[in-house]
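The values are calculated or read from the model by the stated rules, or taken from the named source; none is laboratory data. Bear in mind that the values here come from a model prediction, so they are computed numbers and not experimental data. Because the Cβ atoms are built from the backbone with ideal geometry, glycine has one as well, and the counts that use them run over all protein chains shown.
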Amino acid sequence: MSIFLQRLRSEIERIGVSELARKAGVARNSLYNWCEKGNIPLDKLFLLAEHGVDVDYILHKKNNASENTPMDEFGLIPVREDIEVSAGAGAFVGLEDNSGYCLAFRKDWLNSRGLKEKDLYVVFTRGDSMEPTISDQDSLLVNTAEKMPQDGHIYVIRSNDTLWVKRIQKLLDGSLLLISDNKIYPPMQLNLNESSDVEVIGKVVSSSKNFY
């Protein structure tokens, strides 16, 4: 277990999960999730600081000369609050770079999967077309370095000003079949050769559930 995660857990346990959830106005499940994975948004970490969590201890304080700063173990991945990807009928997108905050991911986890921080960002979903795999308001880690579709994998795709998150199947004519895991939604076909405004944004490499 990382030093960051150990200290985050100890601080939350020191105050008490129920007490901290009540004071900060967050769900207990969110606290449990942050303690389990260590992927806590920085704005939420500072919110907890307002209610007694010692952020300086979690992020900076060293117990001995050989201890690394905990945040050195993490890569900060920007969250694109200006973007929602559709797990439904399609979501309008503003493509300007407008990151709201960052999520921390362990660097050893990223490295083990060949992921580079500069290629990644986090977006949120809207809709139920990818249930049960991806739910409404789940967060997705998207790797923009992987733009060559592989059958059966999940990608974020842009068509004009609309973004979808779908499972992809490549057809013989070069077009893409966008498949929803929720079978009440029919597949959609996009032809990359006939339209210059269709783009594979990146591959979904991880998703996180929200409980509030």
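Of the strands (runs of 3 or more DSSP E) entirely within segment 128-212, those holding at least 2 residues that are surrounded by 14 or more Cβ atoms within 10 Å (Cβ to Cβ) and not aliphatic (A, V, I, L, M) occupy 139-143, 154-159, 162-170, 198-208. Figure legend. Inter-residue proximity from segment 169-193: first residues within 17 Å of residue 130 (Cα to Cα), second residues of a type in the set (Asp, Glu) and loosely packed, with under 15 Cβ neighbours inside 10 Å, beta-carbon distance below 7 Å, spacing 6+ or different chains. Indicated pairs: 169/151.
Just so you know, in segment 44-71 the residues that are more than 17 Å from the chain's Cα centre (by Cα) and within 20 Å of residue 122 (Cα to Cα) include one that is modelled with the highest pLDDT, and it is 46. Evaluate the following for residue 126: is it touching a strand residue (DSSP E or B) at 6+ places or on another chain (Cβ under 9 Å), within 23 Å of residue 81 (Cβ to Cβ) and not aromatic (Phe, Trp, Tyr)? For residue 126, the condition - touching a strand residue (DSSP E or B) at 6+ places or on another chain (Cβ under 9 Å), within 23 Å of residue 81 (Cβ to Cβ) and not aromatic (Phe, Trp, Tyr) - is met. Would you please name the residue that is modelled with the lowest pLDDT, looking only at residues in segment 109-144 that are of a type in the set (A, V, I, L, M, F, W, C) and more than 20 Å from residue 178 (Cα to Cα)? For segment 109-144, the residue satisfying everything is 109.
A count restricted to segment 1-42 and to residues that are outside any helix (DSSP H, G or I) and under 25 Å from residue 73 (Cα atoms) stands at 6.
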